[in-house]
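Read through the structure below, which is laid out as structure tokens, and then see the notes.
The values are calculated or read from the model by the stated rules, or taken from the named source; none is laboratory data. Computed from a predicted structure; not experimentally measured. Neighbour counts run over all protein chains shown; Cβ positions are idealised from the backbone, glycine included. Side chains included, ligands, DNA and RNA excluded: accessible areas come from the protein's heavy atoms. Shrake-Rupley method; radii C 1.70, N 1.55, O 1.52, S 1.80 Å.
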Amino acid sequence: MGLIRSIVKRAAVLMLAAAVLLCALSCSTNKTTRKQSFTIFDIFDTVITVTVYTDDDALFAKLSEETKALFTRYHRLFDVYNEYEGSNNLACINRLAGQSVKTEPEILELLSLGREYEELTGGAVNIAMGAVLRLWHASREAAQADPENAGVPAISELEEAAKHCNINDVVLDPEACTVTLRDPLMSIDVGAIAKGFAADKAAELLKAYDVPFLMNCGGAVLTGGNKPDGSAWKAGINDPKGSSDEFAATVSIEDGALSTSGSYLRSFTVAGKEYGHIIDPATLMPAEGVASVSVLCRGAGGACLADALSTACFILGVDRSKSILSAAGAEALFIECDGEIVMTEAFPIAE
Ligand code: AMP
Ligand code: MG
């Protein structure tokens, strides 16, 4: 896979229009089909916006309600901090590490994908790394509460936790619908893939309604169908060093999913140094090789795959990501720390 190098000029970046990390830049000329949007708050620690084209208000109300219910269900199932009445979620599975836990089929589906992605990414994305990720999470929370006394986890603590991150200790029994974490000191963290998984399920639901849609789910943007004027949906990729309304590039997304990972999204500072939230399993420290990576995947399950790959490519950097991206049939755009943009040959930059 060839790579094209190009330098993006800041002036061009500033000319591009507003919004959050990634957003729709649609402008339909069709006057008979209305563009309508709804927003979901407090799910997966992000804001989810769905835009569809339909004149049917009853249908719009129905698909909005169903999409909200779907995201709420997955938010609860994949929550690693809180447990809820009615089903055994990931927080429960983590609390009962060492025991077999009867759970919901979607949890097995997500964990099974997690196992696949660990293999695909050569261990860069490992959902069994909860023990290590918890230490970084605790340091980040403490730093946010008391920035003056911010610190990072001790390497000895990290190394001890890393002994309890073996993906093969996540044992799935689809027939009994149980999950067993064989190591009582291990825990699951699906932060790298859960949003993409839920977004894929929401996209299936919206496709069944046969409306063109664009969904912006935190770091993931998915589209279905073209806009009524026949043009493809477009999304902006944030400039990691700019403000939240500055884009480094604009992408054309035709029936696909784009996921962006960047440490600028969730970091904390200790003694003037920034620490990101994506942890390299090889060093147990935040990855810092690139500023952001956006991965585009097409087909069923594309958002979950793109979510896993954007996290992995952020850790691995441009060169080590090449073979993984081509094995997965994915395209990617990297923004390096100096602002240089590197992308795979067929990455669909919008003119
Ligand atoms: P994303 O924003 O999709 O790149 O995912 C980042 C989240 O994934 C972090 O907040 C952690 O919860 C989790 N995470 C960080 N590093 C890893 C890793 N190496 N493998 C699996 N999950 C990770
Ligand atoms: Mg991810």
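Given the structure, is Phe213 away from ligand 2 (no atom under 12 Å from the Cβ), open to solvent by less than 10 Å² (accessible area, probe 1.4 Å) and touching a helix residue (DSSP H, G or I) at 6+ places or on another chain (Cβ under 6 Å)? It is true that Phe213 is away from ligand 2 (no atom under 12 Å from the Cβ), open to solvent by less than 10 Å² (accessible area, probe 1.4 Å) and touching a helix residue (DSSP H, G or I) at 6+ places or on another chain (Cβ under 6 Å).
Against the test of being open to solvent by 20 Å² or more (accessible area, probe 1.4 Å) and either over 21 Å from Ala176 (Cβ atoms) or not aromatic (Phe, Trp, Tyr) (or both), the options Val152, Val132, Val125 yield a single qualifying residue, Val152.
Selection of strands (runs of 3 or more DSSP E) fully inside the range 259-307 by the criterion of at least 1 residues being open to solvent by less than 10 Å² (accessible area, probe 1.4 Å), within 13 Å of ligand 1 (Cβ to nearest atom) and not hydrophobic (A, V, I, L, M, F, W, C) returns 290-298. The set of residues in the range 315-330 being within 27 Å of Trp233 (Cβ to Cβ) and either at pLDDT below 95 or open to solvent by less than 40 Å² (accessible area, probe 1.4 Å) (or both) consists of Val318, Ser321, Ile324, Leu325, Ala328, Ala330.
Residues that are surrounded by fewer than 24 Cβ atoms within 10 Å (Cβ to Cβ), out of contact with any helix residue (DSSP H, G or I) (no Cβ under 9 Å at 6 or more places or on another chain) and touching a residue at least 40 places away in the same chain (Cβ under 8 Å) within the range 233-248 comprise Lys234, Ser244, Asp245, listed in sequence order. Of the residues making up the range 245-279, those that are farther than 21 Å from Glu340 by Cβ and away from ligand 2 (no atom under 14 Å from the Cβ) number 13. Here's a check for you: in the range 318-347, which residue that is assigned to a helix (DSSP H, G or I) and more than 16 Å from ligand 2 (Cβ to nearest atom) is nearest to Ser252 (Cα to Cα)? Per the stated criteria, the residue is Ser326.
Residue by residue, here is whether (1) among the basic types (Lys, Arg); (2) out of contact with any Lys or Arg (no Cβ under 6 Å at 6 or more places or on another chain) holds:
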| position | (1), (2) |
| --- | --- |
| Thr39 | no, yes |
| Val47 | no, yes |
| Ala58 | no, yes |
| Lys62 | yes, yes |
| Phe78 | no, yes |
| Tyr84 | no, no |
| Pro105 | no, yes |
| Leu111 | no, yes |
| Tyr117 | no, yes |
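Taken over the range 173-195, residues that are of a type in the set (Lys, Arg) and under 25 Å from the mean Cα position of the chain (by Cα) amount to 1. From the list Ala198, Ala202, the one residue that fits, being crowded, with 24+ Cβ neighbours inside 10 Å, under 18 Å from Phe44 (Cβ atoms), within 25 Å of the chain's Cα centre (by Cα) and more than 16 Å from ligand 2 (Cβ to nearest atom), is Ala202.
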